[in-house]
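> The structure that follows is given in the form of structure tokens.
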Amino acid sequence: MQRLSDISTIRAVMEKNGFSFSKALGQNFLINPSVCPRMAEMSGAADCAGAIEVGPGIGVLTYELSQVSKKVVTIELDKRLLPVLDETLKVINDDVMKIDLHRVIEEEFNGEEVAVCANLPYYITSPVIMKLLEDRLPITSITVMVQKEAAERLCAQPGTRECGAVSAAVQYYAEPEILFEVSRGSFMPAPNVDSAVIQLRIRKEPPVDVHDEALFFRVIRAAFAQRRKTAVNSISNTLHMSKQQVTDAFEQVGVRANSRAEALTLPEFAAIVNQLAE
Ligand code: SAM
């Protein structure tokens, strides 16, 4: 597989294959030669069975991942890219949202832990990340390029203004960190916003003790559903629970009933939900 880090090589490969970008598939390919080696280096792929990459495009990041890991498996939805990637790569032509990643890791890596690294298609950033987390895969970390605003939201600490339901869920499964920012000029075509590479290091154990996980995530989503209201009102309206019952749960665990969702920490959410579940 060839290194594809300079723009003239990338253009030549694309022209040879008559390739045109699909906006619907979130195709903004990386053309800044310094970004992919950094992402691959920081992905942790060198320290586990290998790497899974979502959406290799023409393989710019894939090449760098192949330099640091024993094996790289990529999942690409766009069939037009397959001849480009055909030479040395293992490409699974499928939709990352539909594929059984447990099976992929079992078949390709003998079920051993892998790192996930990708420049994600931005139209499905959160769904892909939530699938990777909720499926409880044998993965050590997820190192991905996302829009800068999404990076801030995904990595926000509960109890801060930027926090939303997705940030709280991310914190439950992983320790998130923004690694570095990447300007819009690093992509072809250039998107309208800047990006950032984030890393989610998967926790071996959740940071809080939750008795009913499904209820925990339903309550968190409900608490943030009406952000301008208090968390008690938002939860009771969204989940059709009595306001008194929710208020009692808050007070019994020592959380002020007029708090907004963004002010609640993960241990507070856990205590409230455990109380509601009783
Ligand atoms: N990795 C390349 C790079 O950095 O230049 C391309 C990144 S581009 C932002 C996103 C890639 O994801 C595209 O190749 C696109 O075709 C692919 N893609 C879009 N939706 C997908 C899906 N649901 N499953 C798998 N791949 C997808």
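The values are calculated or read from the model by the stated rules, or taken from the named source; none is laboratory data. What you see is a predicted model; the values in this text were computed from it and never measured. Note that each Cβ is placed from the backbone with ideal geometry, even for glycine, and that neighbours are counted across all protein chains shown. Just the protein is used for accessible areas: all its heavy atoms, side chains included, with ligands, DNA and RNA removed. Shrake-Rupley method; radii C 1.70, N 1.55, O 1.52, S 1.80 Å.
> If SER34 meets every condition in (1) touching a residue at least 12 places away in the same chain (Cβ under 8 Å); (2) within 21 Å of SER8 (Cα to Cα) apart from one, which number is that one?
All conditions are met except number (1).
Residue-wise test of (1) within 24 Å of ASN192 (Cα to Cα); (2) touching a residue at least 40 places away in the same chain (Cβ under 8 Å).
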| residue | (1), (2) |
| --- | --- |
| ASP6 | yes, no |
| MET14 | yes, yes |
| ARG38 | yes, yes |
| ALA46 | no, no |
| VAL54 | yes, yes |
| VAL68 | no, no |
| LEU77 | yes, yes |
| ASP86 | no, no |
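> Now, a different point. Do any helices (runs of 4 or more DSSP H) entirely within region 171-278 hold 3 or more residues that are within 22 Å of THR125 (Cβ to Cβ) and open to solvent by 10 Å² or more (accessible area, probe 1.4 Å), and if so, which?
Values: elements: 213-225, 231-239, 243-252, 266-277.
So the answer is 213-225.
> Could you list, in sequence order, the residues of region 112-155 that are open to solvent by less than 50 Å² (accessible area, probe 1.4 Å), in a helix (DSSP H, G or I) and in contact with a strand residue (DSSP E or B) (Cβ under 8 Å, 6 or more places away or on another chain)? It would help to see each step written out before you state the result.
Initially, region 112-155 is screened for residues open to solvent by less than 50 Å² (accessible area, probe 1.4 Å), giving 114-122, 124-126, 128-133, 137-146, 150-151, 154-155.
Now narrow it down to the ones that are in a helix (DSSP H, G or I): 122, 124-126, 128-133, 150-151, 154.
Result: TYR122, THR125, VAL128, ILE129, LEU132, LEU133, ALA151, LEU154.
> Hey, can you tell me all the residues within region 65-98 that are more than 12 Å from the ligand (Cβ to nearest atom) and not hydrophobic (A, V, I, L, M, F, W, C)?
Those that are more than 12 Å from the ligand (Cβ to nearest atom) and not hydrophobic (A, V, I, L, M, F, W, C): SER66, GLN67, SER69, LYS70, LYS71, PRO83, ASP86, GLU87, THR88, LYS90.
> I would also like to ask the following. For HIS102, only one of the following conditions fails: (1) touching a residue at least 60 places away in the same chain (Cβ under 8 Å); (2) away from the ligand (no atom under 11 Å from the Cβ); (3) surrounded by fewer than 15 Cβ atoms within 10 Å (Cβ to Cβ). What is its number?
The number of the failed condition is (1).
Okay, residues lined up against (1) surrounded by 16 or more Cβ atoms within 10 Å (Cβ to Cβ); (2) more than 17 Å from the chain's Cα centre (by Cα); (3) not in a strand (DSSP E or B):
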| residue | (1), (2), (3) |
| --- | --- |
| CYS36 | yes, yes, yes |
| ALA40 | yes, no, yes |
| GLU53 | yes, no, no |
| PRO56 | yes, no, yes |
| THR62 | yes, yes, yes |
| LYS70 | no, yes, yes |
| PRO83 | no, yes, yes |
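> For region 116-147, how many residues are within 15 Å of the ligand (Cβ to nearest atom) and under 18 Å from VAL72 (Cα atoms)?
10
> In the set PRO189, PRO267, which member is under 24 Å from the mean Cα position of the chain (by Cα), of a type outside the set (A, V, I, L, M) and within 30 Å of ILE7 (Cα to Cα)?
Values: PRO267 fails: within 30 Å of ILE7 (Cα to Cα).
The conditions single out PRO189.
> Go through region 42-51 and count every residue that is in a helix (DSSP H, G or I), open to solvent by 10 Å² or more (accessible area, probe 1.4 Å), farther than 20 Å from GLU181 by Cα and hydrophobic (A, V, I, L, M, F, W, C).
Counting residues in region 42-51 that are in a helix (DSSP H, G or I), open to solvent by 10 Å² or more (accessible area, probe 1.4 Å), farther than 20 Å from GLU181 by Cα and hydrophobic (A, V, I, L, M, F, W, C) gives 1.
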